[in-house]
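Worksheet: the structure to be examined is printed underneath.
The values are calculated or read from the model by the stated rules, or taken from the named source; none is laboratory data. Given the structure is predicted, the values throughout are model-derived calculations rather than measurements. Cβ placement follows ideal geometry from the backbone for every residue including glycine, while neighbour counts extend to all protein chains displayed.
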Amino acid sequence: MNNKEFLNAVSLLKKEKNIDEDAIYEAMELALTSAYKKNFNSLDNVRVEIDRKKGDIKVYSFVTVVKDDDFEDERTQVIYEDYVKEHPEIEVGDTIETEVTPHDFGRVAAATAKQVIVQKIREAERNAIIEEFADKQDEMVSGTVEMEDVRNYYIDLGKTQGILPKTEIIPGEEIKMGSNIKVYISKVENNPKGPVILLSRTHYGFVKRLFELEIPEINEGLVLVYSVAREPGVRTKIAVYSEDSNVEAIGACIGEKGSRIAKILSELGGEKIDVIPYDKEPARFIENALSPAKNVKVFITDEKNKECLVVVDNENLSLAIGKKGLNVRLASKLTKFKLDVKTYDQAKELGINIVD
């Protein structure tokens, strides 16, 4: 790579990769300084300068002017008293430079230039990916299943690959190579080896984004999502509401004969979804969240710490709690309240008088 080729390469990088020219030259000068020290057994008192217009590369060695009493190393210092007579303008602390460019330094420079340019291209591509995907964290995107190993699937997202850990796929679902798949961007990391885009299909945010995609009223802001609680592959509870009295939030989400929610259920592989009406009154919201249980009575016992007593009859106890405690667990996550579920008899044993 000669001077002209180097200048052209820098110009092309600026145009196509939007890399600052000064950053390239500065990186090149630092790299060449290190290369000179390594190849020509130099001390640290050297610097490399690149002519931005001609591409000429020159190496300078410099020494520091010191007082006689402070003189320690003739390789890096000169004595003030020895120089001041012929150079009256010189002062202690000044540096004196001498060009020491080797006649065969072009070979080292060419190899170094290639390394720096490749490095800058990689940095630019990394930064472009980070810049593009940083704004997409917590969003849903589509990609193509490209590779698989023991732990992960690798999803082609266009400019880069995303990593979908097998722990983040919906239990029981089959991921096929080459298929198009919707994924939730759970984290964007800028690691030393390059950007890492972590993906998920089990995150509760994945369900929220599916609702935004399939329900126009949510996308338009007519229906709002208050919260989502999810047990991937089993059940999701999503609380919705509308500030417009003319909009029926639950109906908008389900659609005529379940047409809208059917697409979401299909994407989730049959995972059950409870669409819950949000209510500003905590007790009423908790009642809604414990669906399909009925005849639920809720008593807020500690509003500050968000604790409450839930009383149900014997017929609705199993529905309120759910299999392996799933229903009450999801209701608790959805409402952000700690729910203590009791039957009427259990409540009475605790000295709590429940009036029907």
_Residues (in a strand (DSSP E or B) and surrounded by 12 or more Cβ atoms within 10 Å (Cβ to Cβ)) located in segment 170-185_ = Ile181, Lys182, Val183, Tyr184, Ile185
*Unmet criterion (only one of (1) surrounded by 18 or more Cβ atoms within 10 Å (Cβ to Cβ); (2) more than 23 Å from the chain's Cα centre (by Cα)) for Lys208*: (2)
_Among residues of segment 284-315, those that are surrounded by fewer than 16 Cβ atoms within 10 Å (Cβ to Cβ) and in a helix (DSSP H, G or I), counted_ = 3
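Give the residue, chosen from Asp82, Asp94, that is touching a Ser or Thr at 6+ places or on another chain (Cβ under 8 Å) and not hydrophobic (A, V, I, L, M, F, W, C).
Checking each option against the conditions leaves just Asp94.
Can you tell me which residues in segment 129-162 are in contact (Cβ under 8 Å) with a residue 60 or more places away in the chain and buried (at least 19 other Cβ atoms within 10 Å of the Cβ)? Reasoning before the result, please.
Start the filter on segment 129-162 by keeping residues that are in contact (Cβ under 8 Å) with a residue 60 or more places away in the chain, which leaves 129-130, 133, 138-140.
Listed by number, the residues that qualify are Ile129, Phe133, Met140.
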*Determine which single condition Leu164 fails, assuming it passes every other condition in (1) part of a strand (DSSP E or B); (2) at pLDDT below 85.*
(2)
*Under 8 Å by Cβ, and 6 or more places apart or on different chains, what pairs join a residue from segment 338-351 that is at positive phi and in the same structural domain as Glu303 (by TED's automatic domain parsing) with one that is assigned to a strand (DSSP E or B) and buried (at least 17 other Cβ atoms within 10 Å of the Cβ)?*
none
*Since Val188 meets every condition but one in (1) buried (at least 18 other Cβ atoms within 10 Å of the Cβ); (2) modelled with pLDDT of 95 or more; (3) out of contact with any Pro (no Cβ under 6 Å at 6 or more places or on another chain), which condition does it not meet?*
(2)
_Being more than 21 Å from Gly322 (Cβ to Cβ), part of a loop (DSSP other than H, G, I, E, B) and out of contact with any helix residue (DSSP H, G or I) (no Cβ under 9 Å at 6 or more places or on another chain) is the requirement here; does Ser259 meet it?_
no
*Among the strands (runs of 3 or more DSSP E) contained in segment 10-128, which hold 3 or more residues that are touching a residue at least 12 places away in the same chain (Cβ under 8 Å) and surrounded by fewer than 15 Cβ atoms within 10 Å (Cβ to Cβ)?*
95-99
